[in-house]
């Protein structure tokens, strides 16, 4: 079966930046819905017409992938507003930021703690790969028809290109992920 709109593909890949630094390796095939929200459009377009066993080499520019880096999405907040166990790399949903954080911080963003200082926390709402051109070596390991459920939700359930918050509950609760 050839890859077309609204089918599910099983892929493996190696993801590198343009300097050749390995960012991610997917050794075990993972399924993605073509025509949904699982993959970037540039990847879906490149996969069209391919079938099991095919390999592709792609370069994904920032504007085709995770976007350009936006320095307006960096916020310096008082450390005292956050839980004592805060660590670099933790993520927070914008709607769950503590009261007292910048009113300019979008509520629909996901923030990563990028730096900790004695009195401040640096929050970054950019995707960690924003501003980076990516080189992807893909291999098609499977192709099948999508189910009605997958088409309806726009995903094969992978969510690879979405970062899940580690701290989504209201500050002070014990639901760190």
Check your understanding: With a ≥ b ≥ c the root eigenvalues of the C-alpha gyration tensor of region 71-124, is it rounded (a/c under 1.5), prolate (a/b larger than b/c) or oblate?
Key -> rounded
Study note, to complete from the structure: If each part is reduced to its alpha-carbon centroid, region 113-146 and region 1-73 end up apart, in Å, by 13 Å
Practice item. First measure r as the distance between the Cβ atoms of residue 80 and residue 103, then evaluate 1/(1 + (r/R0)^6) with R0 = 25 Å and state the FRET efficiency to the nearest 0.05. Key: 0.90
Review point. For the chain, what does -39500 (n - 2.57) per DSSP helix run (n ≥ 4), summed and divided by total residues, give at 222 nm, in deg cm²/dmol to the nearest 500?
Key: -2000 deg cm²/dmol
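Since every read-out is calculated from the coordinates, none of them should be taken as a lab result. Predicted model only: the values in this text are computed from it and were never measured. Here the Cβ is made from the backbone with ideal geometry for all residues, glycine too, and neighbour counts use every protein chain on show.
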